[in-house]
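J.: Provided herewith is a single structure, encoded as structure tokens, for subsequent inquiry.
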Amino acid sequence: DAGVHSKAWYAATCDRKMAEDALYRSNKDGSFLIRRSSGQDSRQPYTLVVFYNRRVYNIPIRFIESTRQYALGREKSGEERFDSVAEIVENHQRTSLVLIDSQNNTKDSTKLKHIVRVS
């Protein structure tokens, strides 16, 4: 168990569009939630959805079978790994999360500040 089910930031029944709409409505930098990934792939079970600078970022959360840990985004050397999805959230409430815009090739960063609930 990734430690998500009892958390206020976990939107269990939410799809990508609902998540993005909820974050646009919140309109606060650092607003976030975690939803199940659309593909239902066991290697990428969740997606961290973050609002920053009038944009919504969908960041895949990967499950690393060999270590039974979680990591954000594409695999990279020296990446941070966590024992649960809750640890990822707690970590990025304290330290900035790098947001990469692949279309414009820009980088931003924000902390996870505001939990968004999907109604």
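The values are calculated or read from the model by the stated rules, or taken from the named source; none is laboratory data. Nothing here was measured: the structure is a model prediction, and the numbers come from that model. Here Cβ is always computed from backbone atoms with ideal geometry, including for glycine, and neighbour counts include all displayed protein chains. Just the protein is used for accessible areas: all its heavy atoms, side chains included, with ligands, DNA and RNA removed. Shrake-Rupley method; radii C 1.70, N 1.55, O 1.52, S 1.80 Å.
J.: Do you know which residues across the range 12-67 are modelled with pLDDT of 95 or more and of a type in the set (Asp, Glu)?
T.: If the condition is that a residue be modelled with pLDDT of 95 or more and of a type in the set (Asp, Glu), then Glu20, Asp21, Asp29 are the ones that fit.
J.: Let me ask another. Looking at Val50 and the list (1) of a type in the set (A, V, I, L, M); (2) under 19 Å from Gln103 (Cβ atoms); (3) open to solvent by 50 Å² or more (accessible area, probe 1.4 Å), which single condition is not satisfied?
T.: So the condition that Val50 fails would be (3).
J.: Right, here's the next one. Name the residues in the range 19-33 that are under 18 Å from Leu97 (Cβ atoms), outside any loop (DSSP other than H, G, I, E, B), open to solvent by 20 Å² or more (accessible area, probe 1.4 Å) and not hydroxyl-bearing (Ser, Thr, Tyr), would you?
T.: Glu20
J.: Within the group Arg16, Arg55, Arg36, Arg43, which residue is without any contact (Cβ under 8 Å) to a residue 24 or more places away in the chain and open to solvent by 20 Å² or more (accessible area, probe 1.4 Å)?
T.: On the way: Arg16 fails: without any contact (Cβ under 8 Å) to a residue 24 or more places away in the chain; Arg55 fails: without any contact (Cβ under 8 Å) to a residue 24 or more places away in the chain; Arg36 fails: without any contact (Cβ under 8 Å) to a residue 24 or more places away in the chain.
Being without any contact (Cβ under 8 Å) to a residue 24 or more places away in the chain and open to solvent by 20 Å² or more (accessible area, probe 1.4 Å) holds for just one of Arg16, Arg55, Arg36, Arg43, which is Arg43.
J.: While we're looking at this one, here's another question. May I ask you to verify whether Lys76 is exposed (fewer than 11 other Cβ atoms within 10 Å of the Cβ) and modelled with pLDDT of 95 or more?
T.: When the stated conditions are applied, Lys76 does not pass them.
J.: Could we say that Val98 is outside any loop (DSSP other than H, G, I, E, B), in contact (Cβ under 8 Å) with a residue 24 or more places away in the chain and of a type in the set (A, V, I, L, M) here?
T.: For Val98, the condition - outside any loop (DSSP other than H, G, I, E, B), in contact (Cβ under 8 Å) with a residue 24 or more places away in the chain and of a type in the set (A, V, I, L, M) - is not met.
J.: Still on this structure: Note down all Cβ pairs under 9 Å where the first residue falls in the range 73-88 and is at positive phi, the second is not in a helix (DSSP H, G or I), and they're at least six residues apart or on different chains.
T.: That search, which allows pairs on different chains as well, returns Gly73/Ile59; Gly73/Pro60; Gly73/Ile61; Gly73/Arg62; Gly73/Glu79; Gly73/Val98; Gly73/Ile100.
J.: On the basis of being of a type in the set (A, V, I, L, M) and assigned to a loop (DSSP other than H, G, I, E, B), does Leu112 make the cut? Before the answer, list the steps.
T.: Working: of a type in the set (A, V, I, L, M): yes; assigned to a loop (DSSP other than H, G, I, E, B): yes.
Yes; evaluated as a whole, the condition is true for this residue.
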